[in-house]
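The values are calculated or read from the model by the stated rules, or taken from the named source; none is laboratory data. Computed from a prediction, not measured in an experiment: that's the story for all the values here. Cβ: placed from backbone, ideal geometry, glycine included. Neighbour counts: every protein chain shown.
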Amino acid sequence: MSIVIETGLFEGMVFCQNASKVSEQHVTGSCEASGEVLVAIDNGGFQPCGQAVDGRFTADICGLPVRLDPYSIRLKIGDEQLEFTKIWVGDVWALGGQSNMQGSADMKGVYINDNPAVRAYYMDDRWDVANDPLHVLPTANACVHWNLMGRTEKWKGPYEDPLDKGAGPGVSFGVQLLKATGVPQGLLCCAHGGSNMEQWSPELRDDGDASLYGAMLNRIRRNGGRVSGIIWYQGESDATNDMGANFRQNMENFLAALASDLKDDKVLFVQMQLARIIDNSSPIDHWNKIQYDQMALADEHPNVVTVPTVDMEMGDTAHISTEGYKELGRRIAYAICAYRRLPGYAPEIRPVSAKLDRLRRTNVERITVKFANVVGELQSVGPVRGFTINHLQQVVRCVLKGDTVEIYCPLSAGRGTLEYGNGRYPFCNVRDGAGRSLPSFQLAIEPNFVDTGYPEQMRVTDPILMDDDVDKITYDQIPEDDGTDSLYYTQKRSGSFILFRNRLQTPHQPGFRFLRARYLAKKPLKLTMLAGYDAPTAIFFDGKKVHANPNGLNPVIPHEFAIETDWTPGEHEVVFAEVLHDGNAFGMSLCFEAPNGTDPADLPVLLTK
């Protein structure tokens, strides 16, 4: 009986480098002889590296520096010898997840790798130069892969995909990382299209090659038990059904299991944030929830890195295109270089804040979004696309300025949350100078001011014909509101405006419409009334005329006029007397602004009854 290798030493493989950039490879197997295990590197002499006892041996091949050229290794136990002519030392990565890691794009135009130092451990347990397709599931030695395909046995002979698919990000990633670091790259192919996190559950590890997690773990152990990290693209299957609700916890369990099973609580985990999908049958909130969960995982785990994909070119309804995968491979390599703090590489782009500013004498507001880790300047091809407010298309325009985005939106729209990449199939096109996309995110909008907001409703009269001199009208001339609909009606807010009903039927005669709002104040405050209107108008606060403008004109410009008001605890009333203006008066706008630092809970509240 000759030496039989079980783990850690196969022709054409890549040993995983340690933190000192040398090999630390554990090898096991069976043999007939007993005694010392000897190893010879290249043309060197034999040196002891392990022991053989009772037909079993273990060996550790340590201290081989990283280099682009392969090593030749001879292993000797007694009179038994094995020789391996091509062994590299470098990075080793387990590629896991589902179809966007497996590779589901057209083979036409696929990334061609001719560098023998970028290698793959294919699914038939064979090391060779890495080229797509990396994951040929029917030929896998691990039965889970063909079982999940509905097969009862491994495919016999060569296999060709009937749709000529199989391009993915792995080869591009390996080549780009070698170019950036000069380190050989080994890819352990473990992904399976259509899989969900329940199928990847670490609780199934004892099923070995009959489970996805067990099969991945076995492939890592078969190749020495150590990896530089996990390259992971998964979540689509969970987002298209109710498993999305458990995704975060499933991922937490998955990361904890990896740390335990690999005996490395700092193992690098590079995850792709979900891209896009055309699927109108699944819950839309699960897709974005998983994207946000992925961001949160990276925030809470220092060894988790997220690579955005929301801007990638798609090849079909669910998969990135062949060209997109090439770009994704480059981004993965960049992210790893940044994680390793190599010069010239920046950590992943992250949103920092979204600040809302009030712009006087205009009908828009500005949200300034600050980003961290931007390389150069943010840029887009064509107008900026991809931002929403409160999950709605409320963005008027965007301006890119260095590491910030200025977003202009309608008045009152900029309260709540700002999103990028909202929905299943958004169009997003913002990148930094390194070609990296903004992540899909949701961020609370923080106003740079404190105000009451626009009143949800006011009590309004239809036109009342009378002398329309705003300088002469007094509070006593304004009809009282008895709470019925006999004279006043309740008008709901439209955006930032209260618009009159039947305004197109306004008589072209002198007269007013009157609008009332009542507030309850909790504390003494000094507030600035910000008003806008489109006709000559007088404003009364607590029965006192505080503003009169006989020159009011279209259009309504919210916040155009600032009026100081004093508030005491209790009820207060605001009344607008707006001239009919020959039918050209359509409405008004109102809010109260407090000094910065005021607790919003202390602001007056609108009384609606």
Review point. On the given criteria, is residue 299 farther than 23 Å from residue 109 by Cα, without any contact (Cβ under 8 Å) to a residue 40 or more places away in the chain, in a helix (DSSP H, G or I) and not assigned by TED's automatic domain parsing to the domain that holds residue 431?
Key: yes
**Study point:** Verdict on residue 443 being surrounded by 14 or more Cβ atoms within 10 Å (Cβ to Cβ) and either of a type in the set (Asp, Glu) or at pLDDT 95 or above (or both)
**Key:** yes
Exercise for review: State whether the residues of the stretch 369-378 include one that is assigned to a loop (DSSP other than H, G, I, E, B), exposed (fewer than 15 other Cβ atoms within 10 Å of the Cβ) and out of contact with any strand residue (DSSP E or B) (no Cβ under 9 Å at 6 or more places or on another chain).
Suggested key: yes
Review point. Regarding residue 275, is this residue in a helix (DSSP H, G or I) and small (Gly, Ala, Ser)?
Key: no
Check your understanding: Can you tell me which residue in the stretch 379-426 is farthest from residue 291 (Cα to Cα), limited to those that are in a loop (DSSP other than H, G, I, E, B) and of a type in the set (A, V, I, L, M)?
Key -> 411
Check your understanding: Which one of the conditions (1) buried (at least 20 other Cβ atoms within 10 Å of the Cβ); (2) more than 15 Å from residue 273 (Cα to Cα) does residue 302 fail to meet, given that it meets all the rest?
Key -> (1)
Practice item. Mind listing whichever residues of the stretch 156-175 are without any contact (Cβ under 8 Å) to a residue 60 or more places away in the chain and either crowded, with 21+ Cβ neighbours inside 10 Å or at positive phi (or both)? Key: 157, 164
Review point. Does the stretch 157-171 contain at least one residue that is farther than 19 Å from residue 318 by Cα, outside any loop (DSSP other than H, G, I, E, B), assigned by TED's automatic domain parsing to the domain that holds residue 251 and at pLDDT 95 or above?
Key: yes
Review point. If we keep just the residues of the stretch 1-56 that are touching a Ser or Thr at 6+ places or on another chain (Cβ under 6 Å) and outside any strand (DSSP E or B), which is surrounded by the most Cβ atoms within 10 Å (Cβ to Cβ)?
Key: 55
Exercise for review: List the number of the failed condition for residue 540; all other conditions in (1) more than 23 Å from residue 592 (Cα to Cα); (2) part of a strand (DSSP E or B) hold.
Suggested key: (1)
Review point. Looking at residue 324, is it crowded, with 19+ Cβ neighbours inside 10 Å, assigned to a helix (DSSP H, G or I) and in contact with a Pro (Cβ under 6 Å, 6 or more places away or on another chain)?
Key: no
Practice item. May I ask you to verify whether residue 535 is out of contact with any Cys (no Cβ under 6 Å at 6 or more places or on another chain), assigned to a strand (DSSP E or B) and touching a residue at least 12 places away in the same chain (Cβ under 8 Å)? Key: no
